[in-house]
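Here the structure comes first, spelled out in structure tokens, and everything after it is commentary.
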Amino acid sequence: MNEKYTADGYFPEEIKRAFEALEHGNAKIAAIRSAIEAADASDDTPFRIYFRLELCRESCFYGDCMDMMVIFPQVLAIADRYPDTPATCYEPGYLDAMDHVLWVYKWILEECCNFYQVPMADCLKFFEDFRRRSLAYGYNLRPYYYYLYLFYEKIDPVKSREAFHMFEQIPRDDNCDCRACERNTIIDFYLQQGQMERAKELSAEIENFDLTCGHDKKEAWLRLKRHYMQHYLGRREFEEAETYCHILERQRMKDTEFQRWDDFLYCYAYLNMGKALRIYKAHWKEWLEERHPSTIFSVNRNITCFFKKLQQERKQATIKLSLDPAFPLYEESGQYSIASLYRFYYKRAREVAERFDERNGSHYYCNQLTEVLS
Amino acid sequence: MGREMRGRRMKDYRFQVNLGGMIEILSDHLYSSPDVYIRELLQNGVDAITGRMIREKEEKEAGRQASEIAGRIVLEIEEGRQLIFSDNGQGLTEEEIHQFLAIIGESSKRNPADGRIRTDYIGRFGIGLLSCFMVSDHIRMLTRSAGKEAPVLEWQGRPDGTYTIRRMEQEQVGKGDMAFGTQVILSAKPGREDYFTEKVIRRLLTYYGMLLPFPILVRVHGKEEQINPIYLPWDGRETNKQELMLFGQMMFEEQFMDCVPLRSESGNVSGVAYIIKYPVLPSAKGSHRIYLKNMLLTEKGDNLIPDWAVFTKCIINATDLRPTASREGFYVDEVLESARDAIEDALIDYIAGIAEDEREVFDHFFHIHKLTLMSLALAAPKLFGILVDYCEFETTRGLQTGYDLRTCAEPLVYAPTEAKYKQLSQLFFAQDKMLINVSYVHSLELLMRLGQLYGLEVHPVDDWSVEDLMEDLTPDDQDDSFAFQKAANRILKAYDCRAELKYFSPYNQPTFYLMDEKILLKRQIEASRSQADSMFFQMLDAFTAEIPGDTAAVLYFNYNNPLVKKLTEREAEADLKILVEILYVQALQIGGFTLHNNELGMLNRNILTLMERGLSDE
């Protein structure tokens, strides 16, 4: 049950056990914050860092990354102030606290491109800082180029490809993502390049579970399926995409990367409108409350496509939906104009697209929005 | 390839193997503990007996005479010094010794026709005997091949990889029905004497060999005792529950609440799941007895027993699942997955069955294992409807079950975090409104599914629900308190907070602080900014800029509270500032919010000021 740490003493092990028992989500994040407060109050530097990194993990893999982006600067500051801090007993495999911080730094680099609020100059500063720290720590630059490739994917295809080729040439070391994760990224690269044969060849080991990630044997395999799904959705090959949607839908993984309900919505908008509508009704509220900018864009883009298709297929101009007053266009009657819903979501997608393009100095997002609606 | 190598003919080379080193690796690193030497001896013994029986059966089918001597295994113990392990299996010829004992990886269990390992045997890989080097520096083996006038051969192996073979004219492997077969003689190496005591050997025999189909006899000072029952209590006979329960009690040395027979055609898996009588944490590692062909393989049920079945201890025997090389687990393949599904279904059917037909048993079962069953309710849709009625939720009306919630008329409002629940529960309680705490493990998901299943209104507590618990001031009270509200707003602006006056219960609560997610985020960003390197300032400021400018927390002043009423009559803003700030910080503390340094400092300063005034008034 929800055990509390004793007010009479500070027991980080008990605190950790208590928050680990919670479901992923806001409750767990709140409990981890309490853990951070307790560690801060006791001036327990290893756990001050460790609990913050746990918050980063929870936010990154089971949340919207916002908490991670906010708290990471604190972690780095504490680790810099106390550079000799050892890792806790819960961090096997890390040489010390800074080693773990460097690992999590990679997630920040990955998310830079997904948060338009991070100015381009700052993104580049973070990359440069990570590069300097990696070399100082004795690590090579394979992860640096790996994340640089991901960063430039939607910004500058030329720089992205250059970074990818640099990444490929440097051998692996202990700060690299696991082989399965790297393989998935490489597969995605070839899918995007249109090299299907090469992608399939590289997929075999993951398909056969010879290459797996972490504790869950299925994680890398599901990630592979997600890449293929998004590849086919990008090409508007919905029947192909549906196979993968079906696989991902049935999983009970809590990781946000597999909760692709907006992608399923987009796919079923073309194949099974009834199912698409059910998905919209089940998820409209969480989509409204989304804080992750890149997800806000993709979600609103997909919902826009859905309503566009609905408009085309439906004879009536309105639809009955049970939304609540939290919805900005809330109607007491429950009858909504499809055209109004389309415009509402388009506007949301467009606003975010423009912010991304402004930050990136490109037209990628606006072009993508125009393309999917054409 | 170097220039000098190009174009030259290629020569074949053989890998060189340091046999002593290999034996060390296999015996000290492949196996998890020296305990397994007994398991390996048992395995070889059982396989040898099985081999003899197969051969005898083939002889009979071919019309030739064959003995029908029952298989037996005898362990003669010289306490702390020596163990003689005898079986009356098929024994080995000299050729077989060279072939199977000298070549690591050459298994005697291969079918000569196709080289494949027969499924009748437990062992597969031809490395089991090496485990004896963990407890002994020297293995001496006497063997006589069964069914012929074969000589007694002695094989002696040493860990450096050397061995000898010789004929023993004067020796015997045993008498009567033990006159053929194999005797393995081990002497304790220094530090391993414990493994040659009756107590330890009995323990290991019971642990590994309880289900073996041949009698295992322990002989000490001439006295012999059989330690195993030689049959599976659940197999091929009418299932007697009492007998099964007693068997489980003997195996696990504890009493159980109930037992569930298990069977899967896939993998040829059968056994019993025993329901534990005490609560077990969902994260607890299971302790089972998983047997392969009647020999204990592992205590871990990882791949075979469902993760949620932590309330069971299972005894399972499989004949057609593939063990790993260390023989301490199974390969994950379709056969194993199918067997697991069958076990899962049996347990789910059991729970559904007792829920329907044995209410008292089910109530007791749920009471003990509720946390695990909450997890199971989510994992097994078939059971959700049954289990959720029993699941308990903390509410402002005390503990309510799923049944209570689904039959109550009002919407189900929940606080997503412990802090929010703590903050709001007083208000809700005072108003006799129900608020549900879903910060407990599984609670939120259970509640949402309950809502979906029964078409109930389920939603998180929002600001507007909180304001519903408060009443607006009458026009006269609004007029009277107008100046105070304006002053309070000026004072609280520095803390991103605004003041509101309302009537609410309980009357003795002077204030209530409400902070939404946006303000919480703003405070978190401020905290980060105060500690971070300047490299992150622009990013953090950009996040803050996205939060609407008019976002503010609200400090509600309770006009029902006598202290607040007096406060509204104060005019001097300097005095008001002190009192409002104290109430503000107090409200933060009651609500469980983290205080920033300036807030704590402010509280200290104001309390000291009041104390000074109080003391100077005297």
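Nothing in this text is a laboratory measurement; each read-out follows from the coordinates by a stated rule. A quick note: this is a predicted structure, and the numbers were derived from the prediction, not measured. Cβ atoms come from the backbone with ideal geometry, glycine included; neighbour counts cover every protein chain shown.
Going through region A:283-374, which trypsin sites (Lys or Arg not before Pro) have at most 11 other Cβ atoms within 10 Å and a DSSP loop state?
A:K315
Quick one: putting +1 on the C-beta of Lys and Arg, -1 on the C-beta of Asp and Glu, what dipole do you get for region A:271-374 around its Cα centre, in Debye to the nearest 20?
Once rounded to the nearest 20, the dipole reads 360 debye.
Taking the Cβ-Cβ separation of A:A41 and B:D496 as r and a Förster radius of 22 Å, what is the calculated FRET efficiency to the nearest 0.05?
After rounding to 0.05, the efficiency reads 0.40.
Sequence gap at least 6, Cα distance under 8 Å: using those rules, report the relative contact order of region A:271-374 to the nearest whole percent.
28 percent
Using only DSSP helix segments of four residues or longer, with each worth -39500 (n - 2.57), what per-residue ellipticity at 222 nm results for chain B after dividing by its residue count and rounding to 500? Working shown, then result.
On the way: 17 runs with 236 residues, N = 618.
Mean residue ellipticity at 222 nm (helix-derived): -12500 deg cm²/dmol.
Counting only other chains, and only Cβ atoms inside 10 Å, what mean value do you get across the residues of B:528-541?
Mean partner-chain Cβ count within 10 Å for B:528-541: 6.
For B:D349 and B:H364, calculate 0.36 nm times their separation in residues minus their Cα-Cα distance, and state this gained length in nm to one decimal.
3.7 nm
Hey, rough spin-label estimate for B:Y403 and B:L563, points 7 angstrom out along Cα→Cβ, what's it come to in nanometres?
The answer from the label model is 4.4 nm.
Are there any chymotrypsin sites (Phe, Trp or Tyr not before Pro) in region A:169-251 that are in a DSSP loop and have at most 16 other Cβ atoms within 10 Å? List them by number.
A:F209
Give a quick list of trypsin sites (Lys or Arg not before Pro) in region A:37-104 that DSSP marks as loop, anything other than H, G, I, E or B, with at most 14 other Cβ atoms within 10 Å.
Here no loop site has a sparse enough neighbourhood.
Could you tell me which of rounded, prolate or oblate describes region A:178-250, using a ≥ b ≥ c as the square roots of the eigenvalues of the alpha-carbon gyration tensor, with rounded for a/c under 1.5 and, failing that, prolate when a/b is larger than b/c and oblate otherwise? It would help to have the intermediate numbers written out before the result.
Values: a/c = 2.19, a/b = 1.26, b/c = 1.74.
Oblate.
Say each of A:Y10 and A:L271 gets a label point 7 Å from the Cα, pointing the same way as Cα to Cβ; how far apart are those two points in nm?
5.4 nm
What full-extension length gain, to one decimal in nm, is calculated for B:D462 and B:Q82 as 0.36 nm per residue of separation minus the Cα-Cα distance? Numbers along the way, then the final one.
On the way: separation 380, 0.36 × 380 = 136.80 nm, distance 7.55 nm.
Length difference between fully extended and current span is 129.3 nm.
Choose one of A:V101, A:Y365, A:N184: the residue whose Cα lies farthest towards the positive end of the charge dipole of chain A (beta-carbon charges +1 Lys, Arg; -1 Asp, Glu; about the Cα centre).
The Cα lying farthest towards the positive end belongs to A:Y365.
Could you size up the charge dipole of the protein assembly as shown around its Cα centre, putting +1 on the beta carbon of Lys and Arg and -1 on that of Asp and Glu, and report it in debye to the nearest 20?
2800 debye
What ranking, highest mean first, results for peptides B:573-579, A:61-67 when packing means the other Cβ atoms within 10 Å averaged over each residue?
Output ranking for B:573-579, A:61-67: A:61-67, B:573-579.
Starting from the 7 Å offset along Cα-to-Cβ, what nm value, one decimal, do you get for the label separation of B:Q156 and A:Q335?
Result: 10.2 nm between the two label points.
If R₀ is 41 angstrom, what is the calculated FRET efficiency for the pair A:R343 and A:D210, using the beta carbon separation as r and rounding to 0.05? Don't skip to the answer; put the middle values down first.
Numbers: r = 49 Å, r/R0 = 1.20.
The pair A:R343/A:D210 has a calculated efficiency of 0.25.
Could you work out how far helix A:97-112 tilts from the main Cα principal axis of chain A, as a 0 to 90 degree angle to the nearest 10?
It works out to around 20 degrees.
Could you tell me the calculated FRET efficiency between B:A572 and A:D324, based on Cβ-Cβ distance and R0 = 60 angstrom, to the nearest 0.05?
E(calc), rounded to 0.05, equals 0.85.
Along region A:57-67, what does the Karplus equation 6.51 cos²θ - 1.76 cosθ + 1.60 (θ = phi - 60°) give for ³J(HN,Hα), rounded to whole Hz, x for Gly and Pro?
Karplus-based 3J(HN,Hα) across region A:57-67 equals 4, 4, 5, 6, 8, 10, x, 10, 6, 4, 4 Hz.
Before anything else, pin down the relative contact order of chain A: Cα pairs under 8 Å, at least 6 apart, normalised by residue count, whole percent.
That works out to 10 percent.
If you fit an axis through the alpha-carbon atoms of helix A:120-137 and take the longest principal axis of the Cα set of chain A, what angle between them do you get, 0 to 90°, nearest 10?
40 degrees
Evaluate peptide A:65-78: per residue, the Cβ atoms of other protein chains within 10 Å of its Cβ; return the mean as an integer.
Mean inter-chain Cβ contacts per residue within 10 Å come to 5.
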